[in-house]
Amino acid sequence: MDEIIKQTGVVENDHVKKWKDDGGRVIGYVCVATPTEVIDAAGLMPYRIRALGNSNTEIADAHMSRFNCNFCRSCLQLGLDGIYDFLDGMIETNGCDHLRGMVENWNYVKKFDFLHYIKVPHIVDEDSLKYYEEELRLYKKAIEKHFNLAITDEEIWSQIRRHERIRDKLRTIYEMREKDEPAFTGAEVLSIFLLATAVPAGVLEGLLDRVIEERKDNKIEGYKARLLLGGSATDEVDFVEEIEGIGGLVVTDALCYGSRAFWPHIGDKKESDPFKAMAKTYLEKLLCPRMFNDFPSRRDFLFSAIERAKVEGVVLIHNKFCDVHGVDNVLLRIALENKGIPVLQLEKEYGAAADIGRMKTRVQAFLERISDSR
Amino acid sequence: MITVGCDIGSLFAKAVILDDDELIASKIVRTTGNMADEVDEFLKDVIREAGLSRDRIDCLGGTGAGADILKDAEFVESTLTCVGAASSYYIPETRLSIDIGGQSITSMLLDENGRVLNFMRNDKCASGSGRFLEVMSDKLDVEIEDIDQTVAKSRKTVAISNQCGVFAESEVITHVNNGEQTPDIIAGVCDSVANMVATQGRRFGMAEHYTLTGGVAKINFVTGVIKGKLDGTFHPFPFDPQLAAAIGAALLGD
Amino acid sequence: MKLGMSPGLFDRLVHLFRVVNRVPDPVLKKLGAILMALNVLPSDLASAAGALLAPQSREAGVVFLKMLSKWIVEAHSAAREGKKVILVPFNFPPELIHAFDKAVPLTSEVLTTMGVAILKGQGERYWDIAMGLGLPDHLCSANTIELGSMLGREDFQPDAIISSAPGGCDVNSKIHEFASHYLDIPQFFLQKPPDDSGRGREQYSVYMRTLISQLEEFIGEKLTEDKLRGVIEKANRCTELYFDIWDFHKAAPNPVPNIFALFMYGTRFSMWGREEGVKTFEAMVKVAKERLAQKAYPAEKELARCVWCYTSYYYDFMGLFNWMEDQGYSHLGDGLDLYFPQIIDTSTMDSMIEGLAESAWNMPMTRQVGGESMSRSWTEDVVFVARELNADCVIYCGHHSCKQTWSVISILRKELMNQLGLPLLILQGDSWIKKMTPISVIQQEIDEFIKNVVARKTTKKRELRKRKKIKSDLQ
Amino acid sequence: MFFAGIDIGSLTAQAVVIKNGKIIGAKTISVLPHPVDSAKEVIDRLLSKQEIKWEDIKCAVSTGYGREKIQQEGLTRENISEISCHGLGAYTINPNIRTVIDIGGQDAKVIKVNQSGKLDNFVMNDKCAAGTGHFLEVMSKTLGVSLDELGPMSRKSRKPVEMSNRCTIYVETEVIHFLQQGVSKIDIAAGINRAMAERVVALARRVEPEKEIMMTGGVAKNVAVKSEIEKTLKVKMVKSKIDPQIMGAYGAALFAQKQEGAK
């Protein structure tokens, strides 16, 4: 576990370094709508872009405005600062307007050797599904062309199966954090997830096995309440630590740097064509508020997590200027309140240190409210 | 030729007297609600300070947001024009001047005659103005004048990342409560101001030679951080940078 | 839809426009009678009427107002007649809904803009209702104000909402999704693939056809070729007139009153494809033609020719348009005027639906920031219009809600400078809510920009005295 | 048995000592840069007027921005958020209270308590907010009047000015501009109070406030803001028997008493 936490603290971790030293190539991607199976099938390493709570955006702000989400500006800052120079290419998706702007400015100032844009529909329906499926084929072709290699359906299938194994291991870790006596803190699980999207798949399987073994009898005690954390892109481990520091144990989440990214199972779909299978899962089970006609599935995902993990209170956060989560969190809050589940809605500045004082007052009061209602 | 320049800003009123291009007297007071009544007295003071009488003054030029209260000004020019004029008169090679005012940060591209080619203000909701620095240092019981010597004692820089002045204050209070030392927090406040200024500088793409004007440019720590961040050669404004607009107004007088 | 007088934004507009309807055109038109008209009009209307019926644009202003009142009152009575009222965003072609007998379109941004321009207290109280629900304060006020009025259950409720912003704007899509869930109103979609390859365009037609069949089922009426042709032919007429005005814009001084920028898209987003829409455009062409003939211009001389690359400001009762004109600053149109309509082939049902898809594809925002690159198509359009109408500056309103434009505005600024050497003024202020940036500040910024940067050669400036030998201690 | 509550806010620090529920001493000072200094200072100033010594205090609880530090310093046994403290304080004074509006230096809060005084729900400002005590403090400085005058003076206003800005930072220069134009301080003060009330009401709307409302915190003393809020929310504020500004510290003291009872 300690090893994982150490590696999570930096963007270019030792595993990435080793992969590069061994001549491996790394492809960055920005959001969960990117089927990384294809990148792995090409023998490349997918790397999920993150900002790790960096709050200095001095260079990025010269390009994007302060009305753009600070998480995206932080990523742009790191990009323009050369922190991501180890990338051999980037896969763009239209996750949200801020994210698109981030990649666009990045590429405007500092051209990527390879940039491919997967256009992900905003609606779940037959028309969109067909279009997205074709997008995934083009995405594969683009990688084949640029890196001058061939990706067989068999290879994609075997990568899908490997990713299924990884999804299962991550689910196991969630079961361990969600049980009555949690084996992990929320901060630890976030660290695990962050590393899981920043190491070669081969390395990852072993890592996960070891940490599951290490923690199988571990019990986290002495917390005040069991919380679910949901909302915006949150890769700030220390923010979660602060919440847990005052007794709110995050026993599960609905974050895209968390369960939303790996929960759906591709294996669930009985498909012969790997692209059909991926398209269905990645579009129909995207669970992201950038989709505009499937709020119920996001709400129900939240409800089932609450039930599984015996959650006592829900904390919904969004970064200042985040449009999709800012609005979705209100609908979710209303849905939860109607069910009588305590919920706290927070709008925070990105970068853990920034708002922690204000946030802690709110969270502490929320915990007091929960213990009062017991 | 004796000319007077008077700049009624959002926070301070400044007046200067130039003998040709030599600064012979200057005065800075905080703008109050009664400025309209006090402005004549204020001008008298600075003229007296120069050991002159009113009739020796060849021209009074006004500038600043509140310039409309200067009844006997012969002309009123925008702060942009004045800061541009002053910067390029004394530092002919400057092509970029970043003015850190009470309310906003303005970067100006200048031509060889000190005319403003283009300008840009910082984003609203963005910390970094003089007022921001005032509020924060006030919270920490540090006089603006003492910032440099306070920061000298700092061992590290505490990051202040809130862009909203109101929330940034909560951030500062949080740091205090977490036992952070005043010098380190002040350093952080200055650093966040410097970041905003550097960002403004980058927006046009840096010029080879630039200067900084406005009250905040008096703080060496801030200018130091900015220098470290920006390419191009920094030329300190030869007089108190808070006087730049007033001096420009005086230079434009005839 | 709730009938009768309620404190809702839409119902208040209906109330006011009933009055406008009653005032006969000649009365509205006659200069002297204007003041009289203002006195009989509710005071809320007075200040806006001052701008909408200013002498230089009055001939068209009256027709424009009459068009809007027809649009509003029609929608209001639609419910009684058992028709469906369908709420659409500005980037959706309303002519499609006009082609149905049993449905009428209402455009949320147009309602908000009218409310802000005409109603006492403007949009604030409706905005506060939305904020009261805990919605973020960086949402698009153009939608949040009208929808806030509904969310407070003070106002009428549409029978369905169409969202055509997916792909072009998250905020717009999101607030419509919210309203549809919160009020339990069915929602239909026309999403834009951010895809410049032919594939994207083909897919868009597929989406359009799916939407049409969904609407047919919901409204309970088949789209008939004749009805559609009737609408499209009028739309085509509007297109011709649109380009007449476009060409007038090229003359200097600009013979097109500044406020026509608003009239043009105000018509596009409401009565395009209706007789009233055609009349409004005809009236605008007439005014511009006469002004061109007389070489008339409200100010002494035209100091600057400005293109607004996104929206303008509407919270000061439309005063900014005429204020600019009085200063000699011509307003050559907004980003919202950049919908480049095309003559649609009316020979078959299929050709007309294809044409509709094409117009929707080219709607403002959809066409620019909805493109594969948020900055490329936008830059191309702004560069094109600036060159065509030989503008000498571009102004960005900087509505803090428009995250897509804000995130690439620095690219647009650099490209304008590189390609045309044109300066871009970046303002910051909510176009529909006055409390973000007071209009006086906006005006001052525009003044400073034009006097210092744009019209530097023409405006007389004080000369900086010749440098004396600089003392070394200064260096 | 004596119990104490210490509330270190961003502008002022309060200490309250109670004996079986009754307040026997209270003190308010403006904060020193460091919370622990403020705490020690306010305690000393309070006890200096009493016969009791700090040792006689059975249990103390801290709240407010400095609550954690005070506890870490061992001055208090526990720290509890100001939200709970204001809730319990107001409820104890009048058990009919269900909604508490507390406007502190940095945060405005609307607190709902249930029929047994327990925290039910709450909202705090996280938007562009002029709705804080800090806002009024800055404005009174700019106007050159004391914070206490701000409320009463505006009652004489005939036409309150309308602030054209949401943001505190910008409202400040707007006020200076009004003054330069010779607008009367009375009308400006009224405008400031109205702006303040508007923000608080917008916040209160997020939790349907119930009829029985009490306002706590320093701003509660501002008659103008209070009546503006009453007008727009169409409610009558329940008057607090004690100084609303010490409500947080009082609540903390009550928690301290509970603590002791608990074990």
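Here, each number is a calculation from the coordinates, and none is a lab measurement. Since the model is a prediction, treat every value here as computed from it, not as a measurement. Positions of Cβ are generated from backbone atoms using ideal geometry, with glycine treated the same way; all protein chains shown enter the neighbour counts.
The simple spin-label model puts a point 7 Å past each Cα toward its Cβ; for A:D14 and C:E225 those points are separated by 7.5 nm.
Dividing the helix sum by the residues of chain A, where each DSSP H run of 4 or more adds -39500 (n - 2.57), gives a mean residue ellipticity at 222 nm of -16000 deg cm²/dmol.
Take peptide C:440-448, look around each residue's Cβ out to 10 angstrom, count Cβ atoms belonging to other protein chains, and average those counts. Don't skip to the answer; put the middle values down first.
Values: counts 2, 5, 0, 0, 2, 2, 0, 1, 8.
So the per-residue partner count for this stretch is 2.
Taking amide H as placed 1.01 Å from N in the peptide plane, the amide H of B:T213 sits under 5 Å from that of B:I98, B:D99, B:I100, each at least 5 places away or on another chain. The antiparallel fraction among DSSP beta bridges confined to the protein assembly as shown stands at about 40%. For the residues D:H34, D:H86, D:H134, a GNM of chain D with alpha-carbon springs under 10 Å puts the largest fluctuation on D:H34.
Here the peptides B:212-218, A:367-373, D:14-20 are ranked by packing, the mean other Cβ count within 10 Å, and the order with the highest first is B:212-218, D:14-20, A:367-373. Ordering C:I450, C:A357, C:M284 by Cα displacement along the dipole of chain C toward the positive end leaves C:I450 in first place; charges were set at the Cβ atoms of Lys, Arg (+1) and Asp, Glu (-1). In this structure, the amide hydrogen of C:I395, modeled 1.01 Å from its nitrogen in the peptide plane, lies closer than 5 angstrom to those of C:V307, C:W308, C:C309, C:L425, counting only residues at least 5 positions away or on a different chain. Placing pseudo-labels 7 Å out from each Cα toward the beta carbon at C:F218 and C:M417 gives an inter-label distance of 4.6 nm.
Residues whose amide H lies under 5 Å from that of A:L346, counting only those 5 or more places away or on a different chain, are A:L316, A:I317, A:H318; hydrogens are built 1.01 Å from N in the peptide plane. Tell me, how many Å apart are the Cα centres for region C:229-270 and for region D:142-156? Each part reduced to its Cα centre gives a spacing of 54 Å.
Could you work out the helix-only [θ] at 222 nm for chain B, with each DSSP H run of four or more residues adding -39,500 (n - 2.57) and the total divided by the number of residues, to the nearest 500 deg cm²/dmol? Each step should come with its number before you reach the end.
Values: 8 runs with 96 residues, N = 254.
Mean residue ellipticity at 222 nm (helix-derived): -11500 deg cm²/dmol.
Ordering A:F67, B:S129, D:L136 by the projection of their Cα atoms onto the charge dipole of the protein assembly as shown, which places +1 on the Cβ of Lys and Arg and -1 on the Cβ of Asp and Glu, puts D:L136 at the extreme positive end.
Report, as an integer, the average count of C-beta atoms from other chains found within 10 Å of each Cβ along C:272-282. Please report the intermediate quantities before stating the final value.
Working: counts 0, 0, 0, 0, 0, 0, 0, 0, 0, 0, 0.
Average per residue, whole number: 0.
What shape does the protein assembly as shown take by its C-alpha gyration tensor, where a ≥ b ≥ c are the square roots of the eigenvalues and a/c under 1.5 counts as rounded, a/b above b/c as prolate, and the rest as oblate? Rounded is the answer for the protein assembly as shown, as its axis ratio a/c remains below 1.5.
Highest mobility in the GNM of chain B, judged by mean-square fluctuation with C-alpha springs under 10 Å and restricted to B:R203, B:R115, B:R54, is found for B:R54. Listed peptides A:355-365, B:35-45 appear in the order A:355-365, B:35-45 once ranked by packing, highest mean of other Cβ atoms within 10 Å at the front.
Take each residue of peptide D:32-41, count the partner chain Cβ atoms within 10 Å of its Cβ, and average: the result is 2. Of B:S97, B:S161, B:S88, the residue with the greatest mean-square motion in the GNM of chain B, using alpha carbon springs below 10 Å, is B:S161. Rounded to the nearest 10 degrees, the inclination of helix C:439-449 to the longest alpha-carbon principal axis of chain C is 50 degrees.
Of all DSSP beta bridges in region D:1-85, what percent run antiparallel (nearest 5)? Kindly include the intermediate steps, with their values, before the conclusion.
Values: 15 of 23 bridges.
Restricted to region D:1-85, the bridges split so that about 65 percent are antiparallel.
Treat region B:1-157 as a sphere of radius equal to its Kirkwood radius over Cα pairs and apply Stokes-Einstein at 25 °C in a medium of 0.890 mPa s; give the translational diffusion coefficient in µm²/s, rounded to a whole number. The partial results should precede the final answer.
On the way: Rh = 17.3 Å.
Rounded, D is 142 µm²/s.
Extension gain for A:S158 to A:K6 (0.36 nm times residue separation, less C-alpha to C-alpha distance): 51.6 nm. Relative to the first principal axis of the alpha-carbon coordinates of chain C, what is the inclination of helix C:43-52, with its axis defined by its Cα atoms, in degrees from 0 to 90 and to the nearest 10? Helix C:43-52 sits at roughly 60 degrees to that axis. Taking other C-beta atoms within 10 Å as the exposure proxy, C:S347, B:S192, B:S129 rank C:S347, B:S129, B:S192 from fewest upward. Taking 0.36 nm per residue of separation and subtracting the Cα-Cα distance, what length does fully extending D:I242 through D:K211 add? Length gained, D:I242 through D:K211: 9.1 nm. Note on A:K18: lysines with a C-alpha under 26 Å away, same-chain residues under 8 apart excluded, are A:K6, A:K110, A:K111, A:K140, A:K145, A:K169.
Is the C-alpha gyration tensor of region C:235-454 telling us rounded, prolate or oblate? Criteria: a/c under 1.5 is rounded; beyond that, a/b larger than b/c is prolate, otherwise oblate. Kindly include the intermediate steps, with their values, before the conclusion.
Details: a/c = 1.66, a/b = 1.23, b/c = 1.35.
Oblate is the answer for region C:235-454, as a/c is 1.5 or above yet b/c matches or exceeds a/b.
Shape of region C:327-456 from its Cα gyration tensor (a ≥ b ≥ c, root eigenvalues): rounded if a/c is under 1.5, otherwise prolate when a/b > b/c, or oblate? Taking the square roots of the gyration eigenvalues as a ≥ b ≥ c, region C:327-456 is prolate. Put a plus charge on the Cβ of each Lys and Arg, a minus charge on the Cβ of each Asp and Glu, and nothing anywhere else: the dipole of the protein assembly as shown about its Cα centre is then about 2480 debye.
To the nearest 0.05, how large is the calculated FRET efficiency for B:L117 and C:Q294 if R₀ is 30 Å and r is the Cβ-Cβ distance? Plugging the Cβ-Cβ distance into 1/(1 + (r/R0)^6) gives 0.25. Between region B:207-246 and region B:126-189, what is the C-alpha centre distance in whole Å? If we compute the Cα centre of each part, the gap is 20 Å.
Explain nothing, just the number: dipole magnitude of region C:346-436 about its Cα centre with +1 on each Lys and Arg Cβ and -1 on each Asp and Glu Cβ, in debye rounded to the nearest 20.
The dipole of region C:346-436 has a size of about 560 debye.
The packing ranking, built from the mean of other Cβ atoms within 10 Å per residue, places the peptides C:400-410, A:191-201 in the order C:400-410, A:191-201, highest first. Using the rule -39500 (n - 2.57) for each DSSP H run of four or more residues, divided by the residues of chain C, the 222 nm mean residue ellipticity is -16500 deg cm²/dmol.
Assuming R0 = 30 Å, can you tell me the calculated FRET efficiency for the pair D:R158 and B:E38, based on Cβ-Cβ distance, to the nearest 0.05? Numbers along the way, then the final one.
Details: r = 27 Å, r/R0 = 0.90.
About 0.65, to the nearest 0.05.
The separation of region C:111-153 from region D:68-115, counted between C-alpha centres, amounts to 33 Å.
So for region C:371-466, averaging the separation of alpha carbon pairs under 8 Å that are six or more residues apart and normalising by length, what relative contact order in percent results? Could you put the intermediate results ahead of the total?
Details: 82 pairs, mean separation 25.4, N = 96.
Once divided by the residue count of region C:371-466, the mean separation gives 26 percent.
Would you mind getting me the FRET efficiency between C:D25 and A:E213? Use the beta-carbon distance for r and R0 = 60 Å, nearest 0.05. Walk me through the numbers before you get to the answer.
Numbers: r = 85 Å, r/R0 = 1.42.
Here the calculated transfer efficiency is 0.10.
A Cβ-based charge dipole, computed about the Cα centre of chain C with Lys and Arg at +1 and Asp and Glu at -1, lands at about 2180 debye. I'd like the antiparallel share, as a percent to the nearest 5, of DSSP beta bridges with both residues in region D:96-239. Close to 60 percent. Pairs of Cα atoms nearer than 8 Å and 6+ residues apart set the relative contact order; for chain A it is 19 percent. Each Cα pair under 8 Å and six or more residues apart adds its separation to the average, and for chain D the resulting relative contact order is 25 percent.
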